[in-house]
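The values are calculated or read from the model by the stated rules, or taken from the named source; none is laboratory data. Note that the coordinates shown come from a computational prediction; the quantities given were computed from them, not determined experimentally. Backbone-built Cβ (ideal geometry, glycine too); neighbour counts: all protein chains shown. Quick note on the areas: whole protein, heavy atoms, side chains included, nothing else; ligands and nucleic acids left out. Shrake-Rupley method; radii C 1.70, N 1.55, O 1.52, S 1.80 Å.
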Amino acid sequence: MLTRPTKCILSSAALFAMLSCTPAEQATSQMTSSEETDSQKEVIQQAHTKPVVYQVFTRLFGNTNTTNKPWGTIEDNGVGKFSDFTDDALKGIKELGVSHIWYTGVPHHAVINDYTAYGISNDDPDVVKGRAGSPYAVKDYYNVNPDLADNPARRLEEFEALIARTHKNGMKVLIDIVPNHVARNYKSLSMPDHIENFGASDNTKVEYARDNNFYYIVGEAFSVPEGENGYQPLGGEAHPLADGEFDEYPAKWTGNGARKAQPHANDWYETVKVNYGVRPDGSYDFPSLPDGFDKLGYEEHHAFWADVDVPDSWLKFNDIVHYWLDKGVDGFRYDMAEMVPVEFWSYLNSSIKMKNPDAFLLAEVYQPHLYRDYLHLGKMDYLYDKVEFYDSLKRVMQGEGDTAQLHTIQQGLADIEHHMLHFLENHDEQRIASPDFAGDAVMGKPGLVASALVNRAPMMLYFGQDVGEDGSEEMGFGDPTRTSIFDYAGVPAHQRWMNNGKFDGGQLTEQERQLRAYYKQVMQIAAFHPTMQGNYTKIDAPANVFAFARYTDNSVLIVASSFSRDDVLELSFSLPESIVSALPANSQWTILLGGSEPSNTSTQSFSVEAGEDDSGIILNTRLQPLGSVVLELAL
């Protein structure tokens with residue numbers, strides 16, 4: 001639901017009266033608790049103009065324990081559960097305009113906690129990162145992390161209930177698929193009868209065979225990496241299996257492709273590389289897609305692979321994704337997709353789309369020259385726009401970049417911009433409020449406006465981002481600035497919003513409350529405003545201001561954001577000809593953002609006037625430090 005805005009009428013397209021809306025005119029009343037409940041219900045019914053993804057680290061979300069002992073056990077530091085995602089929690093997520101929740105860390109990965117009472121083998125700390133384990137070292141693709149269940153014996157049923165609860169609250173469910181690698185100790189206890197474990201039929205006497213699931217270092221046993229900088233598993237705490245040894249013969253290639261029996265401490269040593277029919281010299285042991293298949297739909301791709309004999313690992317992952325689709329999962333986030341051949345993605349994604357054409361398929365691809373192959377040949381829906389837009393925007397937010405580069409990137413991706421998902425935080429990246437990023441979550445406000453509104457693709461938020469979580473906790477494996485994904489932890493700012501399970505923000509500071517209100521306001525525009533699917537055009541501005549327009553036949557959005565931390569900027573923009581030519585004689589302006597904002601009592605003001613010789617329109621704007629204005633013009 002968009003906040004009721006202030007409207008201003010322009011009397012003529014040739015000459016515009018000066019307009020300056022006062023704070024009193026722009027003031028909006030604060031919603032009461034009952035009004036907020038009604039608004040949540042209304043949001044659930046709204047149709048999204050573009051998707052909004054909420055990434056949540058499932059084991060951390062509902063944890064109310066504030067101990068945060070480094071290397072703490074599950075008893076010391078606590079853990080979140082599937083059941084913590086109550087209707088109230090899900091409605092609170094939905095307030096941010098969310099259409100899809102990416103539940104990170106759901107598939108059963110290697111953990112240290114003892115679940116042998118449930119028939120689950122213990123994992124060796126020598127090949128587990130952190131106390132809680134990496135969610136990207138999956139041990140059993142046919143079940144879920146037992147840490148997340150109130151009753152580990154019924155853990156799969158508890159996740160199925162969460163899927164249903166998420167759907168009931170008007171959102172869809174995404175989970176991780178990590179096709180490039182699996183846990184070094186992969187062993188599924190829950191796979192259907194017709195499924196065989198990874199590696200069960202491998203010929204371990206050869207480095208490579210097409211239908212082997214893994215690559216082997218023949219004649220050599222695996223050796224645990226030597227720790228660096230004093231690193232010891234579990235911080236040096238005694239454990240029956242923490243003996244510097246792990247039994248694996250012959251040794252397998254490590255997940256990042258390292259081919260030594262003793263990988264380096266910086267290798268992905270807790271995982272092993274999956275073989276997709278790519279020979280050690282990099283050549284392919286499967287057919288390539290014919291020329292022109294980048295122009296064809298998933299139906300033709302599926303038909304192409306129907307009669308092709310494909311490597312065994314392809315079949316295994318096809319079984320895995322269909323298992324989860326049948327459980328009600330609505331899509332997948334693919335980890336390190338670029339490390340797996342694009343032909344495999346054509347095979348897998350076309351199979352998924354044949355079952356569910358609306359499945360949401362998001363991939364990590366960090367090489368821009370591969371974007372179009374993974375979209376058009378691999379049939380991905382969306383890719384991270386990380387190395388171009390995110391990295392450049394981060395530099396702008398840090399006061400080191402020029403906003404002109406953002407326009408250059410946007411224009412360079414014009415043919416695929418609707419596929420390029422934007423974000424400011426995720427589990428791999430530093431928190432905005434961390435000293436190594438911006439040092440203050442408020443610094444992220446103009447970045448949010450720019451990232452969320454500039455393109456037609458989905459926007460992704462990370463849990464705790466909307467209340468300024470800073471990732472400062474030193475929990476064990478890894479360093480602060482990123483909220484730990486390897487250890488049990490409480491997430492302080494997020495816990496204040498959670499308010500002991502009420503999910504009403506009752507313990508937030510005033511600054512945190514205002515920041516969340518700002519996120520809600522911006523994300524409602526991003527998620528629901530129809531102009532988000534319109535065309536983009538740049539508006540020339542100084543290096544520390546990012547300005548652009550999005551427009552359709554019915555409306556125009558003018559967006560301007562200041563990345564100046566200290567200065568009030570008085571700016572004049574010449575609106576692009578593509579917009580000026582569409583203006584009717586009587587035009588109605590609406591302030592969507594930048595009046596009396598919930599998070600800032602300082603107002604942004606604007607006015608419009610005719611250009612010299614009646615040639616064009618000038619928009620005059622006053623932007624407060626880190627301020628943004630979003631204006632709508634109904635055509």
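Tabulated data for the structure shown
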| read-out | value |
| --- | --- |
| In the stretch 33-54, the residues that are open to solvent by less than 50 Å² (accessible area, probe 1.4 Å) and modelled with pLDDT under 80 | 39, 40, 43, 44 |
| Some residue of the stretch 101-116 being of a type in the set (Phe, Trp, Tyr), modelled with pLDDT of 95 or more and either more than 17 Å from the chain's Cα centre (by Cα) or open to solvent by 10 Å² or more (accessible area, probe 1.4 Å) (or both) | yes |
| Number of the exception - residue 78 against (1) farther than 16 Å from residue 152 by Cα; (2) open to solvent by 10 Å² or more (accessible area, probe 1.4 Å) | (1) |
| Candidate set from the stretch 48-82 (those that are among the basic types (Lys, Arg) and either in a loop (DSSP other than H, G, I, E, B) or over 12 Å from residue 487 (Cα atoms) (or both)); member that is farthest from the chain's Cα centre (by Cα) | 69 |
| Selected residue (only one of 57, 61, 85, 16 is modelled with pLDDT under 50, out of contact with any Cys (no Cβ under 8 Å at 6 or more places or on another chain), buried (at least 17 other Cβ atoms within 10 Å of the Cβ) and of a type in the set (Phe, Trp, Tyr)) | 16 |
| Complete set of residues in the stretch 140-156 that are farther than 17 Å from residue 188 by Cα and either assigned to a helix (DSSP H, G or I) or touching a strand residue (DSSP E or B) at 6+ places or on another chain (Cβ under 7 Å) (or both) | 148 |
| Tally, over the stretch 347-376, of residues that are crowded, with 21+ Cβ neighbours inside 10 Å and touching a Phe, Trp or Tyr at 6+ places or on another chain (Cβ under 7 Å) | 9 |
| Filter pass, residue 468 being in contact (Cβ under 8 Å) with a residue 40 or more places away in the chain, under 28 Å from residue 295 (Cβ atoms), touching a helix residue (DSSP H, G or I) at 6+ places or on another chain (Cβ under 6 Å) and open to solvent by less than 50 Å² (accessible area, probe 1.4 Å) | no |
